[in-house]
Amino acid sequence: MRRRARQGGGRQMEVVVESLGAKGDGLADCDGRPLFVPMTLPGDRVLVRITGERSGGYKGEAVELQAEGPARVEPPCPHFGPCGGCALQHFDDAAYAAWKADLLPQALARRGLEAERLNPMERVPPGRRRRVVLSAQRQGQTLLLGYHERESHRLVDIGDCLLLTPGLTALIGPLRELLVALLEPREEARITALDSETGLDLLIDSRHRLGLEDRQRLADFAVSADLARLSWSGGGEDPEPVALRRDPVLTFGSTVVVPPPGGFVQPSTEGQRALVERVLAAVPETAETAADLFAGCGTFTFPLAERLQVYAAEGVEPAVAALSAAARRRDGGRRITAEVRDLARFPVQADELSGGDVVVFDPPRTGAREQARALAESEVPVIVAVSCNPTTFARDARTLVDGGYRLTEATPIDQFPWSGHLELVAVFAR
């Protein structure tokens, strides 16, 4: 692989990439400061154009790959490079796994922390992602459908995706045909698709105004594609059901849950299973109560409720509604109390947790800064943290350790292949 040098446009320099940063970008030296270069690997010799500043250093663009590093391989996907969905398909698998597993201990070390036991990384292979968000844009008589380029509004049109389940991959072609007939030129749409246990659940979000003919076209598509549910949102408005042929369901523990249209769930069944197993293994045998914070629609709530009384808090109202409805169907809600609560603004306080046995928290990528401060003041014997961002997790872990907790165990879980994203489960004890 060799790229031609481009003329003009910023300072250019030849560098040798020394390592990878946390997002999977190559790291080189530029005037004693880090230079981040996407799509490069350790050992690559590259002609780079400096494009700006980033994180105390510079960001650059590879103009010409002059020599390849030892871990570079041919990427398996023809869309790799322009497509922003993956960052590291060109990285040898063994080297990739070693780099990915090291993200967690590195993040902890930057905060002066180390887990008493660091378990081997668990991996989910490509082709297992059951939830995807795609973007679409009508351009003349054609339609672009796929992912945006990294840090760009430019859309990369894809024919398939190696990350997705077969059911989601098979949806791409028919979905393209639907949207090119539905959207007007220059109109856009955002599509969230879930491969549920009973079929595909589709949410289309667009400012396109639906007419009667559009609604009929969508209903016909739901039948031809054998969708479980098809919903429409007009530019961020509450989703409106267009076709409900059967409830799309996921099973958490032994409980069947109908997630809200477009709602967040773990991206893979295998990743969900690994996370739940690690969370349950951390719960003491003597525990009787648990708090599940940032509970979503019940990924951990229902497995915990198999033997514990559970308080579940989540800031997204439709997710809590789905959780509560499943709890009522399960046992009349006797084991679960659910509340809509913005935990960033109104974290559960130490006195509210008094007498509790275990807390599980699974915040978004920004972490749980305020909630971690409140937990650090509590006397809860065991706290289990789930995170998809080692950096914000390490910040929150520092808060808990400074409050008197020990970081007894941590497990990295890679359910985002070929990316810099890493899931993890960590256990803290008083």
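Could you report the accessible area of His421 in Å², rounded to 10, computed with a 1.4 Å probe on the protein chains as they sit in the structure?
80
Can you work out the Karplus-derived ³J(HN,Hα) for every residue in segment 250-260? Use 6.51 cos²θ - 1.76 cosθ + 1.60 with θ = phi - 60°, whole Hz, and x for glycine or proline.
Computed from phi, the couplings for segment 250-260 are 10, 10, 10, x, 10, 10, 8, 10, 9, x, x Hz.
In percent, what relative contact order does the chain have, based on Cα pairs under 8 Å that are 6 or more apart in sequence?
Computed value for the chain: 13 percent relative contact order.
Figure the gain on full extension for Thr289 and Arg11 (residue separation times 0.36 nm, minus the Cα-Cα span) and round it to one decimal in nm.
94.1 nm
Mind ranking Glu240, Glu197, Glu213 by accessible surface for me, highest first, 1.4 Å probe?
Glu213, Glu197, Glu240
In debye to the nearest 20, how big a dipole does the chain give about its Cα centre with +1 on each Lys and Arg Cβ and -1 on each Asp and Glu Cβ?
Dipole size: approximately 680 debye.
Working with all protein chains in place, sort Tyr96, Tyr147 by solvent-accessible area computed with a 1.4 Å probe, largest first.
Correct descending sequence by accessible area is Tyr147, Tyr96.
Can you give the calculated 222 nm mean residue ellipticity of the chain, where each DSSP H run of n ≥ 4 adds -39,500 (n - 2.57) and the sum is split over every residue, rounded to the nearest 500 deg cm²/dmol?
Only helices count here, giving -7000 deg cm²/dmol.
Stokes-Einstein diffusion coefficient for the chain at 10 °C in a medium of 1.306 mPa s, Rh from the Kirkwood formula over Cα pairs: what value in µm²/s?
68
How much net charge surrounds Ser196 when only other residues with a Cβ under 9 Å from its Cβ are counted (Lys, Arg +1; Asp, Glu -1)?
That works out to -2.
Would you calculate the separation in nanometres between label points at Arg190 and Glu213, each defined as 7 Å from the Cα along the Cα-to-beta-carbon direction?
A separation of 2.9 nm, rounded to one decimal place.
Which listed residue (Ala222, Ser419, Gln141) has the Cα farthest towards the positive end of the charge dipole for the chain, taking +1 on Lys and Arg C-beta and -1 on Asp and Glu C-beta about the Cα centre?
Gln141
Viscosity 1.567 mPa s, temperature 4 °C: Stokes-Einstein D of segment 151-194 from its Kirkwood Cα radius, in µm² per second?
After rounding, the answer is 108 µm²/s.
Determine the gain in length on full extension of the stretch Glu151-Glu306; use 0.36 nm per residue of separation and subtract their C-alpha separation, reporting nm with one decimal.
That pair, Glu151 and Glu306, stretches by 51.5 nm at full extension.
Residue separation times 0.36 nm, minus the C-alpha to C-alpha distance between Arg430 and Thr198: what's the value?
79.3 nm
Efficiency by 1/(1 + (r/R0)^6): what FRET value for Arg117 and Asp351, r their Cβ-Cβ distance, R0 = 30 Å, to the nearest 0.05?
FRET efficiency, Arg117 to Asp351: 0.45.
Farthest toward the dipole's positive end in the chain, which of Val15, Ala193, Leu108, given Cβ charges of +1 (Lys, Arg) and -1 (Asp, Glu) about the Cα centre?
In the chain, that residue is Val15.
Can you check what the net charge comes to around Gly234, using other residues whose Cβ is under 10 Å from the Cβ of Gly234 (Lys, Arg +1; Asp, Glu -1)?
After counting each charged neighbour, the total is -2.
I'd like the FRET efficiency for Arg406 and Val340, computed as 1/(1 + (r/R0)^6) with the beta carbon distance as r and R0 of 30 Å, rounded to 0.05.
Computed FRET efficiency for Arg406 and Val340 comes out at 0.35.
Would you mind counting up the charge near His421? Only other residues with Cβ under 12 Å from its Cβ, with Lys and Arg at +1 and Asp and Glu at -1.
Its environment carries a net charge of +2.
Considering only DSSP beta bridges whose two residues both sit in the chain, what percent are antiparallel, to the nearest 5?
70
Compare Trp418, Trp232 by solvent-accessible area with a 1.4 Å probe and give them largest first, with all protein chains kept in place.
Largest accessible area first, the residues go Trp418, Trp232.
The values are calculated or read from the model by the stated rules, or taken from the named source; none is laboratory data. Everything numeric in this text was worked out from a predicted model, so none of it was measured. Neighbour counts run over all protein chains shown; Cβ positions are idealised from the backbone, glycine included. Accessible surface is based on the protein model in full, side chains and every heavy atom, while ligands, DNA and RNA are left aside. Shrake-Rupley method; radii C 1.70, N 1.55, O 1.52, S 1.80 Å.
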